[in-house]
Amino acid sequence: LWMPAATPPHKQDERDLASTEQRLAMTRLAIEGNDRFEVSNIEIRRGEVSFTVDTLRTLKEEYSDTQLSLLIGGDSLEQFATWREPDAILEMSQLLVYRRASSEDYVVPEWIAGRVMFIDAPKLDLSSTELRERIQSSRSVRYLVPKAVLEYIETNGMYI
């Protein structure tokens, strides 16, 4: 379940973000053709700052018999203690962490040890900030984003 935030709490002051409609459209394009993926607009419908704990509460109501997992990047794990109600997040979901290529070893705080699972997957050192900066400096993002998403960005003159 892919879910763009209405207003990401850690990016409230960034002016170069795509609109919620654009991020929703790009998410749909990114997963197009994969029947195991689905896009949700729960956070966008809520229309306020998007806190993971609130979204999980909504998902728990909708999917009461489902074990929820939350996939985050390793860089987010380092900030996880600062998130709103991190203990509640861990009660409602299994925390899955995708390692970034630039950082092999993450220090897992003792209070969440045993409640975090690291994903064994190809490591990419890529962030949305880096993608936007590459586009702004006229560097290619070809092969870094799905072709349909790149075409959308170019067609809409985004991040330039």
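The values are calculated or read from the model by the stated rules, or taken from the named source; none is laboratory data. Fair warning: this is a prediction, and the values are worked out from it, not measured in the lab. Ideal geometry is used to build each Cβ from the backbone, glycine not excepted, and the neighbour counts take in all protein chains shown. Calculation scope for accessible area: heavy atoms of the full protein, side chains included, ligands and nucleic acids excluded. Shrake-Rupley method; radii C 1.70, N 1.55, O 1.52, S 1.80 Å.
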Quote to one decimal, in nm, the extra length available between residue 107 and residue 160 on full extension: 0.36 nm per residue of separation minus the C-alpha distance between them. 15.4 nm
Would you work out if the stretch 1-95 is rounded, prolate or oblate? Take a ≥ b ≥ c from the square roots of the eigenvalues of the alpha-carbon gyration tensor; rounded if a/c is under 1.5, else prolate when a/b is larger than b/c, oblate otherwise. oblate
Expressed as a rounded percentage, what relative contact order does the stretch 80-160 have, with Cα pairs under 8 Å and six or more residues apart? 25
List the residues whose amide H sits under 5 Å from the amide H of residue 124, counting only those 5 or more places along or on another chain, with H placed 1.01 Å from N in the peptide plane. 101
What is the helix-to-structure angle for 20-31, meaning the angle in degrees between its Cα long axis and the longest Cα principal axis of the chain, kept from 0 to 90 and rounded to the nearest 10? 80
Any idea what the relative contact order of the chain is, in percent, if you count C-alpha pairs under 8 Å spaced at least 6 apart? 22
Check residue 95: other-chain or 5+ apart residues with amide H under 5 Å from its amide H, H built from backbone geometry? 70, 117
At a 1.4 Å probe radius, carbon and sulfur cover how many percent of the accessible area of the stretch 1-132? 47
Against the longest principal axis of the chain, how steep is helix 52-62, in degrees 0 to 90 to the nearest 10, with axes from Cα atoms? 80
Options (i) 1.00; (ii) 1.09; (iii) 0.92 are given for Cα Rg over 2.2 N^0.38 Å, and the computed one is (ii)
What's the ranking of 57-63, 77-83, 144-150 by average number of surrounding C-beta atoms within 10 Å, highest first? 144-150, 77-83, 57-63
Restricting the count to DSSP beta bridges whose residues both fall in the chain, what percent are antiparallel, rounded to a multiple of 5? 0
